[in-house]
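The values are calculated or read from the model by the stated rules, or taken from the named source; none is laboratory data. Every value quoted in this text rests on a predicted model; they were computed, and no experiment measured them. So basically every Cβ, Gly included, is an ideal-geometry build from the backbone, and we count neighbours across all protein chains shown. SASA here: full protein model, heavy atoms, side chains in, ligands and nucleic acids out. Shrake-Rupley method; radii C 1.70, N 1.55, O 1.52, S 1.80 Å.
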Amino acid sequence: MRVCSHLELGDRLDRSGIGAAASHQRRALSEHVEEVQVVAEPWAGGSLRGGVSAAIRGRYPLRDIDVVHCNLPGPAALAIARLARRRGVPVVFHAHVTSEDFAGSFRGSTAVAPALRRYLRRAYSLADLVLCPSEYTKRRLEGYPIDAPIEPITNGVDLASLEGHSRLGEEYRRRFGLSGTVVFSVGNVFARKGVGDFCRLAGELQGTSTPAVAPGDGAGYEFAWFGPYDTGPQASSPVRRWLRSHPSNVTFTGWVDDKRGAFGAGDIYLFPTHEENQGIAALEAMACGKPVVMRDLPVFREYYEHGHDCLLCADRAEMREAIQRLAGDRALRERLGANARDTARDHGLDQLGERLAGIYRELLERNTSD
């Protein structure tokens with residue numbers, strides 16, 4: 001079975017959650033499912049130029065593939081979907097993008113979200129099947145509505161890519177001047193991700209004494225956000241404001257060359273996001289055995305259990321209480337971290353690959369019977 005796992009603008013999205021999810025799919029299939037051959041480029045000749053050249057010569061512009069799986073509904077993906085369906089090739093769109101989670105990401109994103117919703121409704125409806133990261137996202141899409149079946153599937157977590165994270169912890173703490181209890185987040189700095197509450201919590205806990213989580217560290221809370229940020233015209237005003245003026249115990253590291261260093265350096269993972277389809281970085285923190293504090297969103301209730309593998313908090317006051325409780329209770333940190341590792345294993349690439357392969361087989365069998 002030849003499957004095209006396509007990501008439009010892949011070279012620009014390699015640092016994004018969409019890029020990580022597409023990479024997870026390819027590795028899950030290539031490394032764990034023998035029957036599937038993964039190709040990233042659907043065009044004849046291996047490039048868009050080759051596809052155009054084939055079309056000019058009156059030939060079919062796509063390669064010989066059995067299933068098309070598009071991870072971003074851009075213009076190229078829509079063209080690929082239409083061409084594939086004319087040949088009876090099943091088309092899967094992966095709904096990593098919704099208008100709700102796009103809002104609050106960049107300057108002006110909230111204003112254009114309604115128009116994006118209309119576009120996504122038409123784009124996703126081209127598919128034979130729409131995959132999405134959660135039941136929560138499925139309900140969102142059903143409200144658009146989408147004229148295609150919708151099925152939730154985890155984005156997965158690459159457990160192997162996180163091996164050795166603890167060995168990098170001290171190096172990254174020294175690099176960014178971190179000590180005491182390090183409350184951290186990983187990923188792009190967006191208003192939607194809760195950067196405002198992240199900084200406000202840091203200010204509220206600044207100067208508060210705490211038992212040292214890491215041996216040899218002094219008391220106190222440090223907050224570190226590991227991930228890229230924009231300061232140009234495309235950045236939202238809340239992000240620019242917090243980057244310019246934040247409590248002194250907050251560090252915005254920018255892009256880090258090895259994500260394992262971030263997970264090694266941090267003690268308590270804080271995820272105050274306001275809207276999410278799943279949250280790959282939170283799963284990565286769990287895979288590293290970190291205690292996780294998250295905003296209590298419906299999507300998280302699907303995958304995680306409060307008091308078992310994380311602490312879910314309704315507001316900033318509950319987040320502050322959870323952070324202080326974890327900082328002072330080593331047994332609680334260890335119990336939540338151990339259970340979180342078990343949760344992350346349920347989202348491993350081996351299971352993701354088998355699930356995807358099963359979905360592709362069902363689509364091909366359905367096409368054959370039709």
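May I ask you to say which residue of Glu41, Glu35 is open to solvent by 70 Å² or more (accessible area, probe 1.4 Å), more than 17 Å from the chain's Cα centre (by Cα) and not assigned by the TED database to the domain that holds Lys259? Full working, then the answer.
Details: Glu41 fails: open to solvent by 70 Å² or more (accessible area, probe 1.4 Å).
Just a single option satisfies the conditions, and that option is Glu35.
Among Arg15, Arg59, Arg26, which is the only one that is part of a helix (DSSP H, G or I), open to solvent by 60 Å² or more (accessible area, probe 1.4 Å) and among the basic types (Lys, Arg)? Spell out how you get there, then give the answer.
Details: Arg15 fails: part of a helix (DSSP H, G or I); Arg59 fails: part of a helix (DSSP H, G or I).
Unique residue meeting the criteria: Arg26.
Would you say Glu151 is touching a helix residue (DSSP H, G or I) at 6+ places or on another chain (Cβ under 9 Å), in the same structural domain as Cys70 (by the TED database), modelled with pLDDT of 95 or more and outside any loop (DSSP other than H, G, I, E, B)? Explain how you work it out, then say what you get.
On the way: touching a helix residue (DSSP H, G or I) at 6+ places or on another chain (Cβ under 9 Å): yes; in the same structural domain as Cys70 (by the TED database): yes; modelled with pLDDT of 95 or more: yes; outside any loop (DSSP other than H, G, I, E, B): yes.
For Glu151, the condition - touching a helix residue (DSSP H, G or I) at 6+ places or on another chain (Cβ under 9 Å), in the same structural domain as Cys70 (by the TED database), modelled with pLDDT of 95 or more and outside any loop (DSSP other than H, G, I, E, B) - is met.
Of the residues that make up the range 154-176, is at least one in the same structural domain as Leu201 (by the TED database), under 22 Å from the mean Cα position of the chain (by Cα) and among the aromatic types (Phe, Trp, Tyr)?
No.
From the residues in the range 177-190 that are over 16 Å from the mean Cα position of the chain (by Cα) and open to solvent by 20 Å² or more (accessible area, probe 1.4 Å), which one is farthest from Leu270 (Cα to Cα)?
Kept after step one, since they are over 16 Å from the mean Cα position of the chain (by Cα), are these residues of the range 177-190: 177-184.
Among the residues that remain, those that are also open to solvent by 20 Å² or more (accessible area, probe 1.4 Å) are: 177, 179.
Working: Gly177: 19, Ser179: 17 Å.
Out of the qualifying residues, it is Gly177.
Among (1) modelled with pLDDT under 95; (2) part of a loop (DSSP other than H, G, I, E, B), where does Pro114 come up short?
Unmet for Pro114, out of (1) modelled with pLDDT under 95; (2) part of a loop (DSSP other than H, G, I, E, B): (2).
From the list Pro133, Pro145, Pro228, exactly one residue is under 22 Å from Lys259 (Cβ atoms) and outside the structural domain of Val256 (by the TED database). Which is it?
Checking each option against the conditions leaves just Pro133.
Could you tell me whether Arg341 is in the same structural domain as Arg26 (by the TED database) and open to solvent by 10 Å² or more (accessible area, probe 1.4 Å)?
Values: in the same structural domain as Arg26 (by the TED database): no; open to solvent by 10 Å² or more (accessible area, probe 1.4 Å): yes.
So Arg341 fails the test.
Answer with yes or no whether Leu131 is hydrophobic (A, V, I, L, M, F, W, C), in contact with a His (Cβ under 9 Å, 6 or more places away or on another chain) and open to solvent by less than 30 Å² (accessible area, probe 1.4 Å). Spell out the reasoning first.
Numbers: hydrophobic (A, V, I, L, M, F, W, C): yes; in contact with a His (Cβ under 9 Å, 6 or more places away or on another chain): yes; open to solvent by less than 30 Å² (accessible area, probe 1.4 Å): yes.
Judged against the criteria, Leu131 is a match.
Would you pick out the residues in the range 2-12 that are open to solvent by 50 Å² or more (accessible area, probe 1.4 Å), in contact (Cβ under 8 Å) with a residue 12 or more places away in the chain and charged (D, E, K, R)? I'd like the intermediate steps shown before the answer.
Step one: filter the range 2-12 for residues open to solvent by 50 Å² or more (accessible area, probe 1.4 Å), giving 2, 9, 11-12.
Still in the list and also in contact (Cβ under 8 Å) with a residue 12 or more places away in the chain: 2, 9.
Matches in the range 2-12: Arg2 only.
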